[in-house]
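To keep things clear, I will list the structure first and then write my remarks on it.
Bear in mind these aren't lab numbers, they're just calculated from the coordinates by the rules spelled out. Here the structure is a predicted model, which is why all the values come from computation and not from measurement. Cβ coordinates were reconstructed from backbone atoms using ideal geometry, including for glycine residues, and neighbour counts include every protein chain displayed.
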Amino acid sequence: MNKRIFAAFGTVILGVALIAGIGSYVAAAKNDSGIIAATPAGTFTAPDGTSYPNYTLTMNTYPNSTFGGHHGAGGGAHPDWVSYGAAGPNGEVLSDATTGSNFEVPAHSAVTITIWQYDSGETLNNDFFAHVQGTVDGTAKFVRSYDTVSKTNVTPETVIKNIPADMVGHTFTLHGMSDEQDQLFVNIPLMLANDDEVTAAEEEGGFTQHPTKTTFTFLTGDAGEYIWNCEFPCGDGTIARFGNAMSSMSYMSGHFIVKG
Ligand SMILES: [Cu+2]
């Protein structure tokens, strides 16, 4: 082979290897490769009297990624991006968690999720997502102000079917693809926390002591792979606020696996 062609070939191969290397590095750095398995919690009896094995999951939503967790110490590549993260049983910030956006639950079970919402918020693009959808009786349990220090509700727990569309911090919206597997659709609006407290806490490098707290239960069908994401436009500084955290897995979206 001609020496020059050989050299050119070598350069191309090196270039391809370099790009592949960068690609896999970026993919590995960006994505949360772990999975949080739901915790068994006895039996849940549905309104129609049918009993299901009950499983629980806990999550937090944050105004930034400085909690660390699956993004890494200090918040990783984008500490200023809003994010979901793993939560302790009372909404504790789990800075050392290695995963926080992918979840696994058993098929044909009742899944109870509690989300502590530490962010402020604004108005949804579409009021549809202000309504609770897909839960066992179409409702969720809601606490406007939860005290993370005393681990008690500051305001009483109420049963909700929706929240005002202009008071949304984030949403938890679980859905499948348009394919043959069992369909699953759950939408939970998560109310904003007190704006002044969120801002004051952020300036001190922490999170508000009083997140909102929302608990809901839904039933799973057959095994399948689903996706959850947020439907509040929270990708600040991007077109229509749907970029950055809204368009990157492990911030405002993740995997949800129903295992048979
Ligand atoms: Cu969001």
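Highest GNM mean-square fluctuation, the chain, Cα pairs closer than 10 Å: which of Asn64, Asn126, Asn31?
Result: Asn126 has the largest fluctuation of those listed.
Name the residue from Gly205, Tyr52, Tyr251 whose Cα lies farthest towards the positive end of the charge dipole of the chain, charges +1 on Cβ of Lys and Arg and -1 on Cβ of Asp and Glu.
Of the options given, the answer is Tyr251.
Pick out which of Gly85, Gly221, Gly121 has the largest mean-square fluctuation in a Gaussian network model of the chain, springs linking Cα atoms closer than 10 Å.
The residue with the greatest mean-square fluctuation here is Gly221.
Please build a GNM for the chain, connecting alpha carbons under 10 Å apart, and tell me which residue among Asn187, Asn244, Asn60 fluctuates the most.
Top of the fluctuation ranking is Asn244.
Using R₀ = 45 Å, calculate the FRET efficiency as 1/(1 + (r/R₀)^6) where r is the Cβ-Cβ separation of His108 and Asp196; round to 0.05.
Computed FRET efficiency for His108 and Asp196 comes out at 0.50.
Of the options Thr148, Gln117, Ala38, report the single residue whose Cα projects farthest towards the positive end of the charge dipole of the chain (beta-carbon charges: Lys, Arg +1; Asp, Glu -1).
Ala38
If the only charges are +1 at each Lys and Arg Cβ and -1 at each Asp and Glu Cβ, what is the size of the charge dipole of the chain around the Cα centre, to the nearest 20 debye?
Around 840 debye, computed over the chain.
Can you give the extra length, in nm with one decimal, that the chain gains between Glu203 and Glu92 once fully stretched, where that is 0.36 nm per residue apart less the Cα-Cα distance?
Details: separation 111, 0.36 × 111 = 39.96 nm, distance 1.95 nm.
The span from Glu203 to Glu92 would gain 38.0 nm if fully extended.
Can you compute the charge dipole magnitude of segment 37-170 about its Cα centre, using +1 on each Lys and Arg Cβ and -1 on each Asp and Glu Cβ, nothing else charged? Give it in debye, rounded to the nearest 20.
Magnitude of the dipole: close to 220 debye.
Just to verify a number: FRET efficiency for Asp182 and Asn125, C-beta to C-beta distance, R0 = 45 Å, to 0.05? Don't skip to the end; give the middle numbers.
Numbers: r = 28 Å, r/R0 = 0.62.
E between Asp182 and Asn125, to the nearest 0.05, is 0.95.
Based on the alpha-carbon set only, what is the convex hull volume of segment 36-259 divided per residue, in Å³?
120 Å³
Mind checking which lysines have their Cα closer than 27 Å to the Cα of Lys151? Skip sequence neighbours fewer than 8 apart in that chain.
Answer for Lys151, where 27 Å is the Cα cut-off: Lys141, Lys161, Lys213, listed by chain and number.
With runs of 4+ DSSP H residues as the only contributors, calculate the mean residue ellipticity of the chain at 222 nm using -39,500 (n - 2.57) per run, divided by the residue total and rounded to the nearest 500.
The helix contribution divided over the chain gives -5000 deg cm²/dmol.
For Asp147 and Ala223, FRET efficiency with R0 = 25 Å and r from the beta-carbon atoms, rounded to 0.05?
For R0 = 25 Å, the calculated efficiency reads 0.05.
Specify which residue in the list Leu219, Ile188, Ser101 is farthest towards the positive end of the charge dipole of the chain, using unit charges on the beta carbon of Lys, Arg (+1) and Asp, Glu (-1), about the Cα centre.
Going by the Cα projections, it comes out as Ser101.
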